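The values are calculated or read from the model by the stated rules, or taken from the named source; none is laboratory data. Being a predicted model, the structure only gives us computed values, none of them experimental. In this analysis, Cβ positions are derived from the backbone assuming ideal geometry, glycine residues included, and neighbour counts consider all displayed protein chains.
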Amino acid sequence: MSGFVIAVDGPAASGKGTVASKLAADYGLPFLDTGLLYRAVGLAVLESGGDPGDPGLAEAAARDLDLERLHSPQLGGRQAGEAASQAAAHPGVRAALMQLQQAFAAQPGGAVLDGRDIGTVIAPDAPAKLYVTASPLVRAERRWRQLVLQDARLSLHDVLEDIRRRDDRDSRRQSAPLQKADDAVLLDTTDLSIRAAVEAARRIVDTARARWLESPAPGQG
Ligand code: DC
């Protein structure tokens, strides 16, 4: 990996997607939201009438993933998030999606990727790593404000339950669990506005970039 790669990991609705896409725009780097890959796999299994908890079905869907599906508006929904978390626990699914993510990270000019295992597994040598988090209640409130626009009956309690269940599954699974890389910088957005979170992220990345530019072999150490 020789370009400047920014790895942004963290739990659901922590603000990592907002921070990562803004960093990509500011530094002029291509951006991949890797959660969309797992969401597309989970949704493909559901649409075929299957259970995303079935390793064989989920792995087959990951191998056949149609990248056109990444634009589907349905991917942002609750069902897709839950199906993604179930499908993502299977090692075969993660293996099938790994090469695509690593190729994206290896672009000569660099890239920004957000997910759960970018700094630990997909791009462990990334020169800039952030672990973005926030309290479960604040994350649930943020997600609820988006989702209630589609479903007025949805309660904050339901969304908080979703978040807790996904956190639990994503961080306890054996294969590439959600965890902070040792060299990632923690950014807690619980009490931050979007603007303040993005500014804090930019300061972290500026420091990492200066270090990377000064190193004798950029991106190698
Ligand atoms: O970031 P998101 O909420 O769109 O992710 C949906 C699910 O996909 C998440 O609960 C766990 C899984 N996921 C993963 O295991 N690894 C990634 N790099 C990205 C997402």
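Among the aromatic types (Phe, Trp, Tyr), within 13 Å of the ligand (Cβ to nearest atom) and out of contact with any Pro (no Cβ under 7 Å at 6 or more places or on another chain), is that true of Tyr38?
Taking the combined requirement at face value, the residue satisfies it.
Of the numbered conditions (1) part of a loop (DSSP other than H, G, I, E, B); (2) surrounded by 12 or more Cβ atoms within 10 Å (Cβ to Cβ); (3) free of Cβ contacts under 8 Å to residues at least 60 places away in the same chain, Ala200 satisfies every one except a single condition; which is it?
(1)
Looking for whichever is part of a helix (DSSP H, G or I) and of a type outside the set (Val, Ile, Thr) here; the options are Ala208, Ala176. Which one fits?
The conditions single out Ala208.
In the range 1-23, how many residues are surrounded by fewer than 21 Cβ atoms within 10 Å (Cβ to Cβ) and assigned to a helix (DSSP H, G or I)?
4
Check Leu192, Leu154, Leu137, Leu213 and return the single one that is among the aliphatic types (A, V, I, L, M) and surrounded by 17 or more Cβ atoms within 10 Å (Cβ to Cβ).
After ruling out the rest, the residue left standing is Leu192.
Just one of Leu156, Leu137, Leu186, Leu192 is under 16 Å from Arg116 (Cβ atoms) and not aromatic (Phe, Trp, Tyr); which is it?
Of the residues listed, the single one that is under 16 Å from Arg116 (Cβ atoms) and not aromatic (Phe, Trp, Tyr) is Leu186.
Here are some residues: Ala83, Ala96. Which one is among the small types (Gly, Ala, Ser), closer than 25 Å to Gly56 by Cα and more than 11 Å from the ligand (Cβ to nearest atom)?
Ala96
Among the residues in the range 108-117, are any within 14 Å of the ligand (Cβ to nearest atom), buried (at least 18 other Cβ atoms within 10 Å of the Cβ) and in a helix (DSSP H, G or I)?
No, the range 108-117 contains no residue that is within 14 Å of the ligand (Cβ to nearest atom), buried (at least 18 other Cβ atoms within 10 Å of the Cβ) and in a helix (DSSP H, G or I).
Tell me, please, whether a residue that is closer than 25 Å to Glu214 by Cα, surrounded by fewer than 18 Cβ atoms within 10 Å (Cβ to Cβ), polar (S, T, N, Q) and at pLDDT 95 or above can be found in the range 81-102.
For the range 81-102, residues closer than 25 Å to Glu214 by Cα, surrounded by fewer than 18 Cβ atoms within 10 Å (Cβ to Cβ), polar (S, T, N, Q) and at pLDDT 95 or above: present.
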